[in-house]
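> Supplied in structure tokens, the structure appears directly below.
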2 protein chains.
Amino acid sequence: MKAFILAVGDELISGAVADTDSSWLAGKLLEERGIRVEGIRVCGDALEEVRGALETCALGRDLLLVTGGLGPTEDDRVREALAAFFSVPLEADGEALERLKARIRERGIAWSESMARQVRVPKGFRPLANPVGQALGLEGRIGECRVFALPGVPSEMKAMFQAQVLPRIPYAGEHASFVLTAAGEPEALVGEKLRGLMEKKEPLVGVTAQAGVVRVRILARGDGAEARARAAAEEARRALGEAFAGFGALTLGDVVVRRLEERGLTLAVAESCTGGLLASTLVEVPGASRVFLGGFVAYANQAKEAWVGVPREVLESKGAVSREAALALARGAAQRAGADLGAGITGIAGPGGGVPGKPVGTVHLAWFFRGEEHHQACRFSGDRSDVRGAAVRRSLWGILDLLCRRSPERI
Amino acid sequence: MKAFILAVGDELISGAVADTDSSWLAGKLLEERGIRVEGIRVCGDALEEVRGALETCALGRDLLLVTGGLGPTEDDRVREALAAFFSVPLEADGEALERLKARIRERGIAWSESMARQVRVPKGFRPLANPVGQALGLEGRIGECRVFALPGVPSEMKAMFQAQVLPRIPYAGEHASFVLTAAGEPEALVGEKLRGLMEKKEPLVGVTAQAGVVRVRILARGDGAEARARAAAEEARRALGEAFAGFGALTLGDVVVRRLEERGLTLAVAESCTGGLLASTLVEVPGASRVFLGGFVAYANQAKEAWVGVPREVLESKGAVSREAALALARGAAQRAGADLGAGITGIAGPGGGVPGKPVGTVHLAWFFRGEEHHQACRFSGDRSDVRGAAVRRSLWGILDLLCRRSPERI
């Protein structure tokens, strides 16, 4: 099964939005059907570009998934491109049109003919109903290649793929895939530990650093795939040693929540520059409530003092971005929540706010654990978002280190 | 200038990671050089795939940017693919090799020859130094096409592109681009308002819904581009009316922070299921400190009661996910922070935790503004991350509505 993905949209080739649909679809094809896509192509909205990309991507392939270009506006041209390609007319789907008109009436918006764009179907294609939004999907063929086109809005695309596309895609022979997550060691070291496994072509073993952890992917195909993938996963687990964090694509938040839970410990946090990103990273983990009690986003100095108990003299003499303030945030969070472990973050995420001796990117991290205080001063590079993300990762690494009885300075 | 982007990595075609590098690069080429890329291609790590994709993407183009496949592990094969393509040897860059060895010694890790992978350069290519990590970039040509290859790790890729690639890329004639952001109205309505503008081909006007706002992109090329783009932007602003939120690619957080600042109002939040994501979305905005005082991540019930003052009888009789709890969170946040406006969120993000009458996706949102309480009960679909994201967007929409003296029910 030769499969390919095409994402359509000027916003995707102009830097406005990253194409996340294709990655999601590729993951589904692999996990649910054992189909590894040959690649992904992103093109703009212009009619000729869409038409050209459809033709190129379908050529010599069995399956093409298309996202985007099916919306209500003038720059949504996948329908037109398919109609032009086959020289067929576009006709509105009667049922969907009635439903759309009813919805527009409900909302009290005046009807306009252009609104019907999203329910038009090129002759020879079959409409795919959209349970979430208004734009219909399309199913048809370009030559020998089966084509499914879905709206680019992720919630609509995902719902339609699961309900109407996936059931129509056959399994691609025997296959098995495993993912392992490693934490606490850099990608190069993980790659080194797995070198023997990676040099073999079957099963295919790949390593990627992502958001503070390293993921190891194993894919076996053909007869006995399950057993070979399982054996390779077991070998990888042994080779990783203490860096092994678990089977599955875990996030750094997952790893921290698991390790806290294994040890029966609770956590609370107090953040300034990261402004809730540390708490949110933990709460993103299902079941986080078993270990995470809560957090303070102590953004204004008054909140640091009143909510978390950072002493006013620390704020006045050392400043809000200081070792002492970070330690007081970590201690205050743990004590006010009655948690075993407290983490504190304060820093200058930028772009403004830097001062001599405390440039943009300066972040003080602290941890309070079993009556002991730990501190780390960092200087992160990048924009506001990069600095905040790096601070959250470092804070979580520090927690892992403490749980392994290492000093947070190690990594 | 015909430009194209190629992203290399099995992780990108297996669903493990979305390709965000290409979008960032496309945005930079457009904003800094007026170059609209023709498209983006993503391929896997296998040597033949990389080789084939390099050839296809370079064919007939003037510029090819490649990301990924330059790291330290066995599955990083862009160097090998280029060497194989041109039948040239790979040689380690002396200076980079010495620096890498010194760094490995510093870290106390044993040296292994495989570590030298990332400083190897195919003969005929020039190494590009990496100020952030160890992997060198590459500059060279495939036929007439200029090629720059950079590591896929975003922080390394961005730093190297800015310092070493961008200065070598020429401007692509006269061009001007504007982005406007609309908020408070759905994409279809925004598209309808701008239909006249979008039907013209020059300047090119596109509309995309993204994370709670709608972005309008205007691109003019050729003589007098600046004036034509400016005139179109002004026309779009008028057509958008009260949905116009500002020039530039604003996030929903940006819009809320701006509107609060214009009115001289301050905000505090208290969150349960979103766990800091609302606060973090606001703190992501540079200058948020002028309006955002802080937030409580009141995840455990005890935190809701002790930190924000949610009455115990509310938690016991109505439950933590209730209208009353949400209202108490909003009021408590505003009062404890001394803020003009308070927002509260409590809900069941899933996958577990649903109960009869309160299924997964149930979220209660509340706002406290000038002594008045506002409430909205929602049921969001999707996974934990979808529910949390939708709750944050709805909370921010509610704030915008209150500032425009509308009831939050409107959207």
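> Select from the stretch A:28-50 the residues that are under 30 Å from residue B:177 (Cβ atoms), part of a loop (DSSP other than H, G, I, E, B) and within 8 Å of chain B (Cβ to nearest Cβ) and list them in ascending order.
Answer for the stretch A:28-50, where residues must be under 30 Å from residue B:177 (Cβ atoms), part of a loop (DSSP other than H, G, I, E, B) and within 8 Å of chain B (Cβ to nearest Cβ): A:44, A:45.
> Count, please, the residues in the stretch A:207-224 that happen to be at the interface with chain B (Cβ under 10 Å from one of its Cβ atoms) and in contact (Cβ under 8 Å) with a residue 60 or more places away in the chain.
Total satisfying the criteria: 2.
> Do any strands (runs of 3 or more DSSP E) lying entirely in the stretch A:293-411 carry at least 3 residues that are surrounded by fewer than 18 Cβ atoms within 10 Å (Cβ to Cβ) and away from chain B (no Cβ under 13 Å), and which ones are they? Working first, answer last.
On the way: elements: A:341-347, A:362-369, A:372-379.
Result: A:372-379.
> Would you say residue B:70 is surrounded by 22 or more Cβ atoms within 10 Å (Cβ to Cβ), part of a helix (DSSP H, G or I), under 27 Å from the mean Cα position of the chain (by Cα) and not assigned by TED's automatic domain parsing to the domain that holds residue B:221? Please lay out each step first, then the result.
Values: surrounded by 22 or more Cβ atoms within 10 Å (Cβ to Cβ): yes; part of a helix (DSSP H, G or I): no; under 27 Å from the mean Cα position of the chain (by Cα): yes; not assigned by TED's automatic domain parsing to the domain that holds residue B:221: yes.
No: the conditions fail for residue B:70.
> Here are the criteria: (1) of a type in the set (Gly, Ala, Ser); (2) under 24 Å from the mean Cα position of the chain (by Cα); (3) in a loop (DSSP other than H, G, I, E, B). Tell me which single one residue A:191 does not satisfy.
In the conditions (1) of a type in the set (Gly, Ala, Ser); (2) under 24 Å from the mean Cα position of the chain (by Cα); (3) in a loop (DSSP other than H, G, I, E, B), residue A:191 misses (3) alone.
> Considering each of A:79, A:117 in turn, give the residue that is crowded, with 21+ Cβ neighbours inside 10 Å, within 14 Å of another protein chain (Cβ to nearest Cβ) and not in a loop (DSSP other than H, G, I, E, B).
Being crowded, with 21+ Cβ neighbours inside 10 Å, within 14 Å of another protein chain (Cβ to nearest Cβ) and not in a loop (DSSP other than H, G, I, E, B) holds for just one of A:79, A:117, which is A:117.
> May I pose another question? From the list B:306, B:300, pick out the single residue that is modelled with pLDDT of 95 or more and among the aliphatic types (A, V, I, L, M).
Result of the check over B:306, B:300: B:306.
> Among the residues of the stretch A:269-286, is any part of a loop (DSSP other than H, G, I, E, B), of a type outside the set (Ser, Thr, Tyr) and under 14 Å from residue A:365 (Cα atoms)?
Yes, because at least one residue in the stretch A:269-286 is part of a loop (DSSP other than H, G, I, E, B), of a type outside the set (Ser, Thr, Tyr) and under 14 Å from residue A:365 (Cα atoms).
> Would you check which residues across the stretch A:14-38 are modelled with pLDDT of 95 or more, surrounded by fewer than 24 Cβ atoms within 10 Å (Cβ to Cβ) and touching a Phe, Trp or Tyr at 6+ places or on another chain (Cβ under 8 Å) and list them?
The answer is A:38, and nothing else.
> Tell me which of these residue B:106 doesn't satisfy, since it passes every other one: (1) surrounded by fewer than 17 Cβ atoms within 10 Å (Cβ to Cβ); (2) away from every other protein chain (no Cβ under 14 Å).
Against the list (1) surrounded by fewer than 17 Cβ atoms within 10 Å (Cβ to Cβ); (2) away from every other protein chain (no Cβ under 14 Å), residue B:106 comes up short only on (2).
> Okay, next question. Given the criterion under 22 Å from the mean Cα position of the chain (by Cα), of a type in the set (A, V, I, L, M, F, W, C) and more than 7 Å from chain A (Cβ to nearest Cβ), identify the matching residue among B:25, B:12, B:64.
Of the residues listed, the single one that is under 22 Å from the mean Cα position of the chain (by Cα), of a type in the set (A, V, I, L, M, F, W, C) and more than 7 Å from chain A (Cβ to nearest Cβ) is B:25.
One line per residue, one yes/no per condition, for (1) farther than 25 Å from residue A:290 by Cβ; (2) more than 31 Å from the chain's Cα centre (by Cα); (3) without any contact (Cβ under 8 Å) to a residue 40 or more places away in the chain:
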| site | (1), (2), (3) |
| --- | --- |
| B:313 | yes, yes, yes |
| B:339 | yes, no, no |
| B:346 | no, no, no |
| B:351 | no, no, yes |
| B:362 | no, no, no |
| B:369 | yes, no, yes |
| B:378 | yes, no, yes |
| B:387 | no, no, no |
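> Run down B:153, B:121 and say which single residue is in contact (Cβ under 8 Å) with a residue 24 or more places away in the chain and within 30 Å of residue A:69 (Cα to Cα).
On inspection, the qualifying residue turns out to be B:153.
> Taking the condition facing chain B (nearest Cβ under 8 Å), closer than 15 Å to residue A:34 by Cα and in contact with a Pro (Cβ under 9 Å, 6 or more places away or on another chain), does residue A:204 pass?
No: the conditions fail for residue A:204.
The values are calculated or read from the model by the stated rules, or taken from the named source; none is laboratory data. Quick caveat: nothing in here was measured; it's all calculated off a predicted structure. Please note: Cβ atoms are built from the backbone with ideal geometry, for glycine as well, and neighbour counts cover all protein chains shown.
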